[in-house]
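**Student:** Okay, here's the structure, questions in a sec.
The values are calculated or read from the model by the stated rules, or taken from the named source; none is laboratory data. This is a predicted model, so every value here is computed, not measured. Cβ coordinates were reconstructed from backbone atoms using ideal geometry, including for glycine residues, and neighbour counts include every protein chain displayed.
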Amino acid sequence: MLEVEEARTRILAGLEPLPAETVPLLDALGRVMAKDAAADYDIPPHANTAMDGYAIRAADTAGASRAAPVRLRVIGELAAGYAPDREVTPGTAVRIMTGGPIPPGADAVVRFELVELEGDHVVITAPVPVGKEVRDAGEDVRAGETVIPKGTVLRAQEIGMLAALGRPQVSVTRRPRVGILSTGDELVGIDGPLGPGKIRDANSYSNAGQVRKYGGIPVPLGIARDREEEIAERLRAGISQGVDLIIVSGGVSVGDFDVVKRVLAAEGRIEFWRVRMKPGKPLAFGYLKSEGREVPMIGTPGNPVSTMVSFEMFARPALGKLLGVRDLDPLMVTATFANTIPGKDDRRHYLRVRLEERDGELIARLTGDQGSGILRSMVEADGLAVIPADWDRVDPGARVSVILLGRGL
């Protein structure tokens, strides 16, 4: 059997980031930067005040005390957004508002609440150090500095920084188009009649949700019956629609009808693996060929939990690689396990857990039945508790790593 890491490495090895496209800044939220964003100028572009107060020369306040206060003449007022029109000379001060540029001659600001005003003079009763309440030019960003590197997933804070850099348009990686195909005679559509032996196709929708969550565009390819020509036709239709990746659920497990495996093998270069994990041991990966293109394909088991967990382990990083994301590892936390698993096999288990905080400690509690067909175990889960392959049991109090399911890219 392949280890999870080896299977993931093989899948990612042949994938490259997709081409870039330019979008308006606000449309870039959640997208991935396709090139570095460097500053053309300092931010802030000039020294400015962090507080409302008076711009002064620190040297003028040396020795100031309540017994021997310093009195400085106020020679002007300066608000944010306006350039200073006078210099602070010995014995003078300028009233200044937060964000206002520090006027020539000044090297400190004393806050309003620390002084008294007597006519056109400000009275200071304590020394003010050089640089007090002054934000230097370039304190946030220096000209020429790379602020947002290529491969960054853009959050609201990066959108704000790009606005500060003067970028109304942003170069981001094109979103991968992902074909999603469910296979099996037992499946019916979301609104189809449930006849004897039939179940609704949940996998297409859960996988489509995962594709969107991780930055892709789902391209539904429907349900293919266990007939070679129908499966092949739907796969070719996906390729003709310009998909960058195809996810097929069902038909790859031991004991499944060979029709799906035969079609996948005939349509390209496909390998069928057994991965040391539960759920999701059977996995297919390779490249489908059509219209002069080769499109990567990941095949997962048909059970709804198995296909979602397999997606998290393999399709999620594949989407990240196509998007050029810098960090392909999932977000993980460490928690204390609350349940007992009396015996397990030699595979790595991914248990669906709900997280709760108790006395400052993070607790991971099973969501219930862990069968690969129990989709509700995913619905109620905050994460996947990772149980190492070499553990033969898990007792309450064990410290486990948990892959969080709530975040996107």
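**Student:** Would a scan of segment 378-401 turn up a residue that is of a type in the set (Lys, Arg), surrounded by 12 or more Cβ atoms within 10 Å (Cβ to Cβ) and under 28 Å from the mean Cα position of the chain (by Cα)?
**Tutor:** Among the residues of segment 378-401, not one is of a type in the set (Lys, Arg), surrounded by 12 or more Cβ atoms within 10 Å (Cβ to Cβ) and under 28 Å from the mean Cα position of the chain (by Cα), which makes the answer no.
**Student:** Only one of these is of a type outside the set (Lys, Arg), buried (at least 16 other Cβ atoms within 10 Å of the Cβ) and farther than 30 Å from Glu116 by Cα: Ala64, Ala39. Name it.
**Tutor:** Ala39
**Student:** Can I ask one more? If Val259 satisfies every condition in (1) within 25 Å of the chain's Cα centre (by Cα); (2) surrounded by fewer than 21 Cβ atoms within 10 Å (Cβ to Cβ) but one, which is the exception?
**Tutor:** (1)
**Student:** Restricting to segment 157-204, and then to whatever is hydroxyl-bearing (Ser, Thr, Tyr) and not in a helix (DSSP H, G or I), can you tell me which residue is nearest to the chain's Cα centre (by Cα)?
**Tutor:** Thr173
**Student:** Considering every residue within segment 307-317, establish whether at least one is over 27 Å from Gly179 (Cβ atoms) and in contact with a Lys or Arg (Cβ under 8 Å, 6 or more places away or on another chain).
**Tutor:** There is no residue in segment 307-317 that is over 27 Å from Gly179 (Cβ atoms) and in contact with a Lys or Arg (Cβ under 8 Å, 6 or more places away or on another chain).
**Student:** Can you run down the residue pairs with Cβ atoms below 7 Å, 6 or more apart or on separate chains, where the first is in segment 123-143 and over 29 Å from Leu72 (Cα atoms) and the partner is charged (D, E, K, R)?
**Tutor:** From residues that are over 29 Å from Leu72 (Cα atoms), the pairs are Gly138/Asp42; Val141/Asp42; Arg142/Asp42; Ala143/Asp40; Ala143/Asp42.
**Student:** Identify the single condition in (1) in contact (Cβ under 8 Å) with a residue 12 or more places away in the chain; (2) within 15 Å of Asp52 (Cα to Cα); (3) not β-branched (Val, Ile, Thr) that Glu113 does not satisfy, given that it satisfies every other one.
**Tutor:** It is condition (1) that Glu113 fails.
**Student:** So, one more: Could you check Leu245 against (1) in contact (Cβ under 8 Å) with a residue 60 or more places away in the chain; (2) within 30 Å of Ala143 (Cα to Cα) and say which number it fails?
**Tutor:** So the condition that Leu245 fails would be (2).
**Student:** Another question, then. Quick one: which of Arg316, Arg326, Arg352 is free of Cβ contacts under 8 Å to residues at least 60 places away in the same chain and either in the same structural domain as Gly209 (by TED's automatic domain parsing) or basic (Lys, Arg) (or both)?
**Tutor:** None of the other options fit; the residue is Arg352.
**Student:** Just the residues that are of a type in the set (S, T, N, Q) and in a strand (DSSP E or B), please, taken from segment 336-375.
**Tutor:** Thr336
**Student:** Then there is this: Name the helices (runs of 4 or more DSSP H) wholly inside segment 226-335 in which the number of residues that are among the β-branched types (Val, Ile, Thr) and modelled with pLDDT of 95 or more is 3 or more.
**Tutor:** 304-310
**Student:** Condition test on Pro168, is it of a type outside the set (A, V, I, L, M, F, W, C), under 15 Å from Asp60 (Cβ atoms) and in contact with a helix residue (DSSP H, G or I) (Cβ under 6 Å, 6 or more places away or on another chain)?
**Tutor:** no
**Student:** Sticking with this structure for a sec: Residue pairs, Cβ under 8 Å, 6 or more apart or interchain, first in segment 188-199 and closer than 17 Å to Ala224 by Cα, second exposed (fewer than 10 other Cβ atoms within 10 Å of the Cβ) and of a type outside the set (D, E, K, R). List them.
**Tutor:** Filtered contacts from segment 188-199: Val188/Leu194; Val188/Gly195.
**Student:** Which is surrounded by 16 or more Cβ atoms within 10 Å (Cβ to Cβ) and closer than 15 Å to Asp52 by Cα, of Val70, Val122, Val88?
**Tutor:** Val122
**Student:** I would also like to ask the following. Within segment 229-251, which residues are of a type in the set (Asp, Glu) and either under 28 Å from the mean Cα position of the chain (by Cα) or surrounded by fewer than 16 Cβ atoms within 10 Å (Cβ to Cβ) (or both)?
**Tutor:** Across segment 229-251, the qualifying residues are Glu229, Glu233, Asp244.
**Student:** Run Ile363 past the list (1) touching a strand residue (DSSP E or B) at 6+ places or on another chain (Cβ under 8 Å); (2) touching a residue at least 40 places away in the same chain (Cβ under 8 Å); (3) farther than 15 Å from Met308 by Cα and report the number of the one that doesn't hold.
**Tutor:** Only one criterion in (1) touching a strand residue (DSSP E or B) at 6+ places or on another chain (Cβ under 8 Å); (2) touching a residue at least 40 places away in the same chain (Cβ under 8 Å); (3) farther than 15 Å from Met308 by Cα is unmet by Ile363, namely (2).
**Student:** Could I ask something else about it? All but one of (1) in a loop (DSSP other than H, G, I, E, B); (2) over 21 Å from the mean Cα position of the chain (by Cα); (3) surrounded by 17 or more Cβ atoms within 10 Å (Cβ to Cβ) hold for Leu409; state the number of the condition that does not hold.
**Tutor:** Checking Leu409 against (1) in a loop (DSSP other than H, G, I, E, B); (2) over 21 Å from the mean Cα position of the chain (by Cα); (3) surrounded by 17 or more Cβ atoms within 10 Å (Cβ to Cβ), the one that fails is (2).
**Student:** Here's something else I'd like to know. Do we have Ser310 as under 26 Å from Ser240 (Cα atoms) and either free of Cβ contacts under 8 Å to residues at least 40 places away in the same chain or buried (at least 23 other Cβ atoms within 10 Å of the Cβ) (or both) here?
**Tutor:** Yes; evaluated as a whole, the condition is true for this residue.
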